[in-house]
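This report concerns only the one structure given below.
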Amino acid sequence: MHISEEIGKKINIFRKKKGWTVQELGDAICKSKATVSKYEKGQISLDVDTLYDIAAALGVSPEQLLYYAPEPEPVRQEDAVPSFFQGIRRLYMYTFDGRNNSLSRSLIEIGGKQADNTYKVMMYMTYDDVSQYQHCENTYTGRMVHYDALTRLVFQNRDTPMEQYTINMLASYLDAPYKWVLNYGLSSRPFMPIAAKALITKKPAAETADFIKALHISKEDIRILKLYNMLAVTG
């Protein structure tokens, strides 16, 4: 029943994000209002066909409605998986948005393997409440590829396909509680190409004043920018 409740919460979040009532979702999947309400409350379990029907109606992938335990039991990983990613299904990314002087939070879900060293990923960008991270400004689908010295994540905005977002992480073969990364893509406020300094952690971070300050571009970052005439983030 716990799993049904968690899936129901996600259905509720995506339904409200779409601006639909319970009745409208019920009409879209040929179910009664009472039945959809029970789905959202986790009072009845979903069959696979209905799960796919709801996902299609809400314009999301079925994987976005599934429940993943926040701290899964460690599983045996292939040697090709870098140490930083072993046993990890979720990552938390933080940047500081100078346009509105605020902390921006994103969550990355790591899915199944697609090919050698390549995995499916989802990113939920700019949410307020980590317990409802699906209620975010932008949702991205993409892939993660592990190389010898680097891991690259490439995302595409689900609603605006021309917008792609890339994350490069150096030395992912080294285990650590967090990694500094460089992100680049397109900004919509205003529309322009950007590169940003970001921190990726394995657990939600304590959002202290010192933590937020560390996300700012520092004097050392500016020194390196001037030295190389390019923005570089390592660590």
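Which of the residues spanning the stretch 119-132 are open to solvent by 50 Å² or more (accessible area, probe 1.4 Å) and either aromatic (Phe, Trp, Tyr) or under 25 Å from Ser187 (Cα atoms) (or both)?
Pass one, the stretch 119-132, residues open to solvent by 50 Å² or more (accessible area, probe 1.4 Å): 120, 128-132.
Passing the criteria: Lys120, Asp128, Asp129, Val130, Gln132.
Run Val181 past the list (1) under 29 Å from Asn229 (Cβ atoms); (2) at pLDDT 90 or above; (3) in contact with a Ser or Thr (Cβ under 8 Å, 6 or more places away or on another chain) and report the number of the one that doesn't hold.
(3)
For the stretch 187-204, which positions are of a type outside the set (D, E, K, R) and more than 15 Å from Ile88 (Cβ to Cβ)? So that I can check it myself, show each step before the final result.
Restricting attention to the stretch 187-204, the residues satisfying the condition of being of a type outside the set (D, E, K, R) are 187-188, 190-196, 198-201, 204.
Ser187, Ser188, Pro190, Phe191, Met192, Pro193, Ile194, Ala195, Ala196, Ala198, Leu199, listed by residue number.
Quick one: which residue in Pro161, Pro193 is more than 16 Å from Leu107 (Cβ to Cβ) and in contact with a Gly (Cβ under 9 Å, 6 or more places away or on another chain)?
Working: Pro161 fails: in contact with a Gly (Cβ under 9 Å, 6 or more places away or on another chain).
It is Pro193.
Is there any pair with a first residue in the stretch 1-27 that is more than 16 Å from Gly42 (Cβ to Cβ) and a second that is hydrophobic (A, V, I, L, M, F, W, C) and buried (at least 19 other Cβ atoms within 10 Å of the Cβ) whose Cβ atoms are under 6 Å apart and which are 6 or more apart or on different chains, and what are they?
Qualifying pairs under 6 Å: Lys18/Leu58; Gly26/Val36.
Could you run through the stretch 159-179 and say how many residues are surrounded by 18 or more Cβ atoms within 10 Å (Cβ to Cβ) and under 23 Å from Leu103 (Cβ atoms)?
Here is the first cut: in the stretch 159-179, the ones surrounded by 18 or more Cβ atoms within 10 Å (Cβ to Cβ) are 165, 167, 169, 172, 179.
Next, only the ones that are under 23 Å from Leu103 (Cβ atoms) stay: 165, 167, 169, 179.
Going through the stretch 159-179 one residue at a time, the tally reaches 4.
Looking at the stretch 40-53, I want the residues that are over 18 Å from Glu24 (Cβ atoms) and have a partner that is of a type in the set (A, V, I, L, M, F, W, C) and surrounded by fewer than 17 Cβ atoms within 10 Å (Cβ to Cβ) with Cβ atoms under 7 Å, at least 6 apart or on another chain. Which pairs are those?
Partner pairs satisfying both residue conditions: Gly42/Met1.
The rows are residues; the columns are (1) at pLDDT below 95; (2) under 25 Å from Gln164 (Cα atoms); (3) open to solvent by 60 Å² or more (accessible area, probe 1.4 Å); (4) among the aromatic types (Phe, Trp, Tyr).
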| residue | (1), (2), (3), (4) |
| --- | --- |
| Glu207 | no, no, yes, no |
| Ser218 | yes, no, no, no |
| Ile224 | yes, no, no, no |
| Tyr228 | yes, no, yes, yes |
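Do any residues in the stretch 119-132 that are at positive phi have Cβ atoms under 6 Å from those of residues that are surrounded by fewer than 16 Cβ atoms within 10 Å (Cβ to Cβ), where the two are at least six apart or on different chains, and which pairs are they?
The qualifying pairs are Thr126/Glu137.
Since Ser131 meets every condition but one in (1) under 16 Å from the mean Cα position of the chain (by Cα); (2) assigned to a strand (DSSP E or B), which condition does it not meet?
With (1) under 16 Å from the mean Cα position of the chain (by Cα); (2) assigned to a strand (DSSP E or B) applied to Ser131, the lone miss is (2).
The values are calculated or read from the model by the stated rules, or taken from the named source; none is laboratory data. Given the structure is predicted, the values throughout are model-derived calculations rather than measurements. FYI the Cβ positions are ideal-geometry reconstructions off the backbone, even for glycines, and counts take in every protein chain you see. Note: areas computed on protein heavy atoms with side chains; ligands, DNA, RNA excluded. Shrake-Rupley method; radii C 1.70, N 1.55, O 1.52, S 1.80 Å.
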